[in-house]
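Presented below is the structure to which this report refers.
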Amino acid sequence: LCVPAVPVLFKQALESTGVEEGKSVSLRCELTKADATVVWKKGEATLQASAKYEMKQKGTVAELVIHNAEPEDA
C-alpha cells in the first residue's frame, strides 16, 4: 500500500505588521501539518537563529521574532 505524502499548506499566512524601530516584532503563520520544517527568508537570504532572529515552532504554529527591529528588516 502506497500512501502519497500530503503537502503542507498555510492555514493562516503571514500578515503585514508594523513596529517601532528598536522594538521586537513577532511574525506568525499556521500550517496544516504539525512540526513541518519551516525556513524563514528575507528575499533570497535564509535567516539563521541569532540574537536578532528567534525562531519558534509549536505544533502547527511557526513564529519569527525580530529583536531590535530596524528599517532594513522590512
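Derivation of every value follows stated rules applied to the coordinates shown; laboratory data play no part. Bear in mind the structure is a predicted one, so any value in this text is a computation, not a measurement. Here the Cβ is made from the backbone with ideal geometry for all residues, glycine too, and neighbour counts use every protein chain on show.
Quick notes on this structure:
- Shape summary: the chain maps onto an equivalent ellipsoid whose semi-axes, from the alpha-carbon gyration tensor, are 28, 12, 11 Å in decreasing order.
- For the stretch 1-72, averaging the sequence separation of C-alpha pairs within contact (under 8 Å, six or more residues apart) and dividing by the residue count gives a relative contact order of 35 percent.
- Within the chain, the longest run free of exposed loop sites, counting GluC sites (Glu not before Pro) that sit outside DSSP helix and strand states (H, G, I, E, B) and have at most 11 other Cβ atoms within 10 Å, spans 45-74.
- Pairs of Lys residues in the stretch 10-73 that lie 8 or more places apart, or on two chains, and have C-alpha atoms under 22 angstrom apart add up to 18.
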